Every structure is written in structure tokens, then in C-alpha cells.
Amino acid sequence: MRAGEQHGAASALPRQSGETLHLAWTGFQRRQQAMAAQAGLECIFLPRTVGASRAGLAAEYAALYRRTLALLRARRPRVLWMQLPPMPLLWAALQHRRWVDPSVKLVADCHNAVFGRRWSRLPWGISLLRHCDLVVVHNEVVTGLARARGVPQDVLFELEDVPPQPSPPTKSIPHCLQQRPRPWILVPGSFSADEPVAELLQTARLRGDWTFVLTGAPAKARRFGHDLSSLPANVLLTGYLDPPQLDAVLQAGDVVLALTKEDGIQLSVCNEALGFGKPLVVSDTPLLRRLFGAGAMMVDSSRPEALAAAIAQVLEQAAQWQQAAVDLAARRRAAWTGRYEALVERLAHARART
């Protein structure tokens, strides 16, 4: 789908009455940016410090809590979406509705981690989701987790990610890739515990003629058990890339990898690659196969030899896989539009919650 077609699709979507904000305590998230382009949400990102100590994180959450209350009091949105976790953002929204604006509708946009071990043990966490008008989850696996954790069925709503509309193409080569030999194998990630980093590095050792470009903050690697002390020479760590830098690298890359060791993880890079029309290699989990199997090469990413072979095949058939990505992106955008229309209708009739 080209830019003009995308804008036409977005203009046909219903708009929620009044101002609709999507608030996240993070530097950037592609999910809501793509949603904003489709549905007219306004995204507000309040970044946190990566790798802060527990004491530092508590102080940071307290500051973000105060900033959020001030922002909501000043803006008075009719609908507030919140990216969760962290759960203190939910506390701030509920406080705002109780003491400032009882009419605001609250939508909890819940990532997988909300129902994981860390956040599910937090008092006044998941139990407070029932006070939201909608609790949005990203796939059927998380729907099951939410039900198991006690989230009422009448507030649950499943809304998958939508492929973003890419930036206008550019011929300029990102600075970090200059002087690096092609092909450029792009691996957007965050060095989280579910990422097969050791297997990826072994794949790079098998194919020293390729350049592997890993995004994300390396400071997180040690915390999640990843050893980056002996990187192959053909591996480039870019560090955190801001959205324009990431877009430029996505446009320049020859193949995009989306890798996880866990089922139920819906990798945002999959939709990013589809949106940019890039050949895509994806870990073969049941969820990712269902969502992206029609537009990506699926692979057992626990086996470096299999991963190298899949990348080689996609490089050889780049035009075929690029078209598969473009076609699947168009279908997913159309399906997402229908789901979002249903969400708006359901939110309009959501009963008042206290």
C-alpha cells in the first residue's frame, strides 16, 4: 500500500469525540505511532532512564506520576490510552478520574509484561484493570493470560499491532552503516531475556561476509544474561536509535530479523518490517507463524545454521519476500481498521466505572 492509499484508509476511520491521548512512560513505541497515523490519536512519550537502580527508578516513577497528573489536569482528554506496564501510570489515571474528571474514559493498552511474574505480583496492579473502560491486549495468547489473571471479560478487547506507514524513501546511507560491507542484516531488539542473542552471534560467526546490525541499549544485555564481551567483527551495535535514525536504518537494511525464544511475544519489529516493505525472517513460534507466516520466512532461531540458511534464502529471493511483506502489510492494515472501528463502538457504549 502506497502513501496516498494509506492516508485514504486512515481518513475513513471513526474518530472518538473530544481529544484522545495515548500516554506512555517510555522514549518511543512504534505501536502507538502507527496507531496514531491510522486513527488520529495523539501520542505523548515521557521517557524513563534505562538501567536505573531500584531507588532511582522509584524516584523516577514518582516524578513521572506528578508530571502525568499535571498533564492530564491541563489537557483534560476525553479518552486516555495508557501503555502498561509500568502500572503506576494506571494509578495516576485512576486518581485523575476520581478527583478531577470523572467523565474521562480509560483504555489500558497492555503489553505482555503486565501479566508476567514481575508486574502481576504488584499490589493494586492487575486488580485495578477492572476499573478501566477497556483493557486492550495484543493477541489471543495475552487474552488468555489476562483472563487467567482475573481481568473481566466485559472489558477485554484484542487489538493487534498495525504496520506503520514508512517515511519517504531516501538514498542517503545512515552514518553507522557507512564503510560496512553489504548485505546489512538488521536486528531491531532490546536485549531482553527472550531474545536469542547467543544464537544470533554464532550465526554472525558462521557468515563473516554479512554485517549484522543490532539496535537497542547494550547496557540491558548483562541484566538479562547476554554476553557481548566477544563480539564478531561483523556485528555492529548501534545503541539506542531515535525514531528518525531507526527509520533510516530500516530503509537501508537488506533483511530484517525478528527473533524470540518465547511463544506469545508479538514482536513490534515484524510490523515495522512489513510497513517498510522489507524481507523478513521471523522466529517460528505458533503465534508469530499465525500473524506473519504469509509474509515472512519462518525459522528455528535456536539453531544458528538454520538461521544462516534462512537469511541466505531470503537474500537470494529478496524481490519475492519484499512483495510478500507489502501484500501482508496491506491485509493487516485493512483488518486492523475493522477491529479499531469495533473498539470505538464498544468504547462509546462502555458503562461508567468507578
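Note on Arg289 and Arg331: the extension gain reaches 13.6 nm, defined as 0.36 nm multiplied by sequence separation minus the Cα-Cα distance. Ser172 contributes an accessible area of around 80 Å² to the protein surface, as traced by a 1.4 Å probe with all chains present. Dipole magnitude for segment 181-288: computed about the Cα centre from +1 point charges on Lys and Arg Cβ and -1 point charges on Asp and Glu Cβ, it is near 280 debye. Measuring with a 1.4 angstrom probe and ignoring ligands and nucleic acids, Trp210 comes out at about 10 Å² accessible. Placing Ile185, Ile44 in order of accessible area, with the largest value first and a 1.4 Å probe, yields Ile44, Ile185.
Rolling a 1.4 Å probe over the protein heavy atoms leaves Leu231 with an accessible area of roughly 60 Å².
Which of Ala334, Ala319, Ala306 sits farthest toward the positive end of the charge dipole of segment 296-338, with +1 on the Cβ of Lys and Arg and -1 on the Cβ of Asp and Glu? It is Ala334.
Seen against the Cα atoms of the chain and their longest principal axis, helix 304-316 is set at about 80 degrees. Computed over the chain, the per-residue total of -39500 (n - 2.57) for DSSP H runs of n ≥ 4 gives a 222 nm mean residue ellipticity of -13000 deg cm²/dmol, rounded to 500. Pick from Gln165, Gln313, Gln322: which residue has the top mean-square fluctuation in a GNM of the chain where Cα pairs under 10 Å get a spring? The residue with the greatest mean-square fluctuation here is Gln313. At a Cα cut-off below 19 Å, give the lysines reachable from Lys171, other chains included and same-chain residues fewer than 8 away excluded. List returned: Lys278. Heavy atoms of the protein chains alone define the surface here; on that basis segment 54-196 has 47 Å² accessible area per residue at 1.4 Å probe size. Electrostatic bookkeeping for Gly264 treats Lys and Arg as +1 and Asp and Glu as -1; over the other residues with beta carbon under 15 Å from its beta carbon, the sum is -3. A Gaussian network model of the chain, with springs between Cα atoms under 10 Å, assigns the largest mean-square fluctuation among Leu71, Leu257, Leu145 to Leu71.
Of the solvent-accessible surface of the chain, computed with a 1.4 Å probe and all protein chains present, 53% belongs to carbon and sulfur.
The largest accessible area among Phe292, Phe276 belongs to the first residue in Phe276, Phe292, and the rest follow in falling order (1.4 Å probe, all chains).
Computed over every Cα-Cα pair of segment 38-81 and binned at 10 Å starting from 0, the pair-distance distribution P(r) comes out as 23, 44, 26, 8 percent. In the list (i) 21.2; (ii) 20.3; (iii) 24.8, the label attached to Kirkwood radius over Cα pairs in Å as derived from the coordinates here is (i). Summed over the residues of segment 216-308 and divided among them, the accessible surface reaches 38 Å² per residue at a probe radius of 1.4 Å.
The values are calculated or read from the model by the stated rules, or taken from the named source; none is laboratory data. The shown structure was predicted, so the numbers you read here are calculated from the model rather than taken from an experiment. Cβ coordinates were reconstructed from backbone atoms using ideal geometry, including for glycine residues, and neighbour counts include every protein chain displayed. Heads up: the accessible areas ignore ligands, DNA and RNA and are worked out on the full protein's heavy atoms, side chains in. Shrake-Rupley method; radii C 1.70, N 1.55, O 1.52, S 1.80 Å.
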